[in-house]
Amino acid sequence: MANNDQKAQVKVFLYELNNTRHEYGFSADEEWTLDLATDSQRKVLEHKYYPMLSLTVVPENIIGMLDLLEDKLGNAVGHIKDSLSRKKISKESTHLLAYCIARLKH
C-alpha cells in the first residue's frame, strides 16, 4: 500500500511531466519514455536526451510508486513492471527517468 509521501511524490512527478511537456512544446506524437536506471545509467541518458525528469526512489518503494504511476500513465509504466522482478531491484536508490526519445541533446 502506498503511503502519503509516495502519493505526494507521484503527484509532483506527474505535474512536472505535464509542465515540461507544455514548456518545451511537445507535439501530439511525442511521448514520454519511462525507465528505471542506476546513477551511472542516468548520467549516460542525461547526456543523450533533453529534457529529462528524474525521480529518486528507494528500492523498497519502487513497486508502490510504479503502481501509483500506472493508474495515470498506463502502458508507459506497465512495461517497466512487466520486466521487473524483486530480484532485479538494486540495493541502491534507483531513478525513475522520463525522457522523449525524439528529443536528442545536441
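Quick notes on this structure:
- Computed [θ] at 222 nm, deg cm²/dmol, the chain (DSSP H ≥ 4; -39,500 (n - 2.57); rounded to nearest 500): -15000 deg cm²/dmol
- Kirkwood's formula applied to the C-alpha pairs of the chain gives a hydrodynamic radius of 14.2 angstrom.
- Positive minus negative residues near Gln6 (Lys, Arg vs Asp, Glu; Cβ under 15 Å): -2
- Order of exposure, largest accessible area first, which applies to Val58, Val77 with probe 1.4 Å: Val58, Val77
- Compared with the dominant Cα axis of the chain, that is its longest principal axis, helix 62-73 is turned about 40°.
- Sulfur and carbon atoms: percent of accessible area, the chain [1.4 Å]: 51 percent
- The stretch 8-58, Rg to Rh (Cα coordinates; Rh as Kirkwood inverse mean 1/r): 0.97
The values are calculated or read from the model by the stated rules, or taken from the named source; none is laboratory data. Computed from a prediction, not measured in an experiment: that's the story for all the values here. Glycine also receives a Cβ, built like all others from the backbone with ideal geometry; neighbour counts cover every protein chain displayed. Keep in mind that these areas ignore ligands, DNA and RNA; they rest on the heavy atoms of the full protein, side chains included. Shrake-Rupley method; radii C 1.70, N 1.55, O 1.52, S 1.80 Å.
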